[in-house]
Each structure stands twice: as structure tokens, then as C-alpha cells.
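I have placed the structure first, in the form of C-alpha cells, so that the comments after it can refer back to it.
The values are calculated or read from the model by the stated rules, or taken from the named source; none is laboratory data. Remember, it's a predicted structure, so these values are computed and weren't measured experimentally. So basically every Cβ, Gly included, is an ideal-geometry build from the backbone, and we count neighbours across all protein chains shown.
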Amino acid sequence: MKPREWLTMLKLSRAWILLFCINSAFFIFLAWVAYPETFELLVGMMIIFSAASIVLGMLLVRKSQMKKDKVFYNFLREPSLEQECVLIESIGEIHTEKVNYLANKLRILNDQLDEVKLLSLDYEEFIESWVHEIKTPISLLTFVLQNRKEEMSELVYQRLEHARININDNVERILFYARLQAAHVDYKLERVSLNLCCEDVLMELQSLLEEREVKVISQMKDAPIVSDVNAFQFIFTQILVNAVKYSNEKIDSFIWLKTGFDSVKNRYYLRITDNGIGMLSSDLPFIFDKGFTGDNPNRKQSTGIGLYLVKKLCDELQIGIEVESKYGEEFIIQFLFPKIDDL
């Protein structure tokens, strides 16, 4: 046994060890009175016998305790009537009432947990079904806006397109949030073209970028990475939408995209820089917290759940995130992708 286990056994056995030592001391006193000539020999033998008895007793206590612990943990994992009877037999019938009470409570809690799991599964299925159903009118709206653009004024078109992007973005957030709450999430991992993924998102957000007069500067080169296309496009969309939302209207706004390979970290990166209102340095450690608002007076709206979902998805896909910002000047977020050989 380890020293800590010996100390634990000493604490558990201190009562009978103390009684045993008192008993041994009494017999040593009797030996001194009755056999003074052989007192030293008798004392030595009694001390050796007592020490051996204490060690043997502690080992027996440990073995008994380990057996009881095994029975107890089996009972906690499965508080059935059978396990309940085994536990009572192990620790003694004197504890029957307490074990019965604990078993009933555990069975009730297990039933409640199973019910909650079932409700959670039903809720997740409902959300996913609702998201897929709501995408039909969104797709119809997209089709109308693309094919009837010339029949609308520029202002009406921009406002409708802005509303469509916001609705679609919120629906995607709901879908990914519901999926991340599931016990197991299936990702379709494949070789991803960063350029194509980003181009698709930029095309989807083109009207929003034009409306807010945000210029996109791209210095992207394709990088050999493996990820989930839908999840990555969602991540990229959230960052761009935030960059547009918090752009600085007093200057010419831009979003700078750059890819490359970081030889120090041995990872490919995608760096997204904007010259928006930025964030306070005191807020940076908390921007991925759900519902975080921060102390920035220019950010009246909460960062909401978007960045929270970004961090959760990046953790799931083994994508590193680094952020830095200069308040009132810029915000930089960098994604670090593992090399294919490292996966």
C-alpha cells in the first residue's frame, strides 16, 4: 500500500488499535510484576506480536473496505433491488433503513433523468425538423430576390436581403446549438478548400457587405486542411457578420483575409482582420462566453450566442483560435488548422 493508504487505514482502525495497545500495555505490566527475570524477553515478543497483529488487522480492514466499496459503487451504478440487498448484506442489516431510503431516491432520480433525456431528444428532433422546414420559405425568398431584383428599388432589395441574411443566420445558429447539445455529434470530415468555402460565404453575404460598404481584401492561398464544410462555413459566417455589425461607419471599412503556414505552431492559419470598433482588452478573455456583453459602450448589443458556438465548434474540430484587438482600431481573429498528417 502507498503511505497515504496506510494513513487512511490508521484513521479507520484507530479505535481498535488504541484498545489493542492499552490491552498490550496492561499485559506488559503484568509480565513486569510476575516475571521480572524474563521481562525484557517477554516485552520484546509481545511488541513484535502486537505490531504484526496491528499490520494484519489493517490489511484485513483494507480488504473488507475494498469489498464494501465495490458493492457500494455497483449499487450506485445500478440501484436495483438485487444490488440493494447485496449492499445491506455487506454493511450489515443495521443500515437497512438508510439503504432503502437511498435506493428509493436513486431510482426516482434515474427515472427523472431518463425522462429528461427523452424530452431533450424530442426537443432536438423538433428543432432540427423546424429548421429544415423554415429553410423552404427562406429558399423561396432567396429565389424571389435573385430573380425579381430588377422589379424592386435598390433600398427595398437591400433591406429584404439584409432581413433574409439575418433570418438565415439565426436559423443556422439554432441548428448548430441544438446539435452541440446532443450527446454525440456526427461531423463529415473531408479535405476542405478554404478558398471555395470562403468564396461561398462571401457570395452569400455580398449584399450585406455592399449595404454597409465594407470592402473585403483577400490574400488567401489554398491550404490542405480537413474539416466539416458546413461547420466551417458557419464559423466563417459568424465572424464576418460580427465584423460587419461592428464596423466603424466613420471610416472606409475593410475585412482582410489571409492564409498561410505558421512554422512555429506547425499549423495552417486563416487570419481575419477588420478595422472596426474593436474590443477592450479586458473583454477579450470572455468574448466566447454565451451571452457576453462586455463594457464596450459602442457594443450595445450582446455578442450573443454566435461566438460561443464558434468556440464550441472549433474545439470539436480541433481548430485553434487566437484573438487580439486594439480598441477603436481593429479586431483580429486567427484560426489554426491541424495538418492532415497530425489528424
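Within region 232-286, the only residue that satisfies the criterion of being in a loop (DSSP other than H, G, I, E, B), under 18 Å from G306 (Cβ atoms) and charged (D, E, K, R) is D283. Of everything in region 60-98 that is in contact (Cβ under 8 Å) with a residue 24 or more places away in the chain and assigned to a helix (DSSP H, G or I), the residue that is nearest to L19 (Cα to Cα) is V61. Determine whether L309 is touching a helix residue (DSSP H, G or I) at 6+ places or on another chain (Cβ under 6 Å) and at pLDDT 90 or above. Taking the combined requirement at face value, the residue satisfies it.
Just one of the listed residues (Q219, Q233) is of a type in the set (S, T, N, Q), touching a residue at least 24 places away in the same chain (Cβ under 8 Å), assigned by TED's automatic domain parsing to the domain that holds Q318 and within 21 Å of I138 (Cα to Cα), and it is Q233. When L56 is tested against the conditions (1) in the same structural domain as A31 (by TED's automatic domain parsing); (2) surrounded by 11 or more Cβ atoms within 10 Å (Cβ to Cβ), the lone failure is (2). For the structure I just gave you, tell me whether V226 is touching a strand residue (DSSP E or B) at 6+ places or on another chain (Cβ under 9 Å), touching a residue at least 24 places away in the same chain (Cβ under 8 Å) and either farther than 16 Å from F335 by Cβ or among the hydrophobic types (A, V, I, L, M, F, W, C) (or both). Answer is yes for this residue. D222 - would you say it is of a type in the set (D, E, K, R), surrounded by fewer than 17 Cβ atoms within 10 Å (Cβ to Cβ) and assigned to a loop (DSSP other than H, G, I, E, B)? In short, yes. Within region 151-201, the set of residues being among the hydroxyl-bearing types (S, T, Y), outside any helix (DSSP H, G or I) and closer than 25 Å to E133 by Cα comprises Y187 only.
Being closer than 30 Å to Q206 by Cβ, without any contact (Cβ under 8 Å) to a residue 24 or more places away in the chain and of a type in the set (D, E, K, R) is a condition met by no residue of region 121-132.
Just to be sure before I move on: is Q206 surrounded by 13 or more Cβ atoms within 10 Å (Cβ to Cβ) and either under 16 Å from N230 (Cα atoms) or not assigned by TED's automatic domain parsing to the domain that holds L313 (or both) in the structure I sent? Spell out the reasoning first.
Values: surrounded by 13 or more Cβ atoms within 10 Å (Cβ to Cβ): yes; either under 16 Å from N230 (Cα atoms) or not assigned by TED's automatic domain parsing to the domain that holds L313 (or both): no.
The answer is no for Q206.
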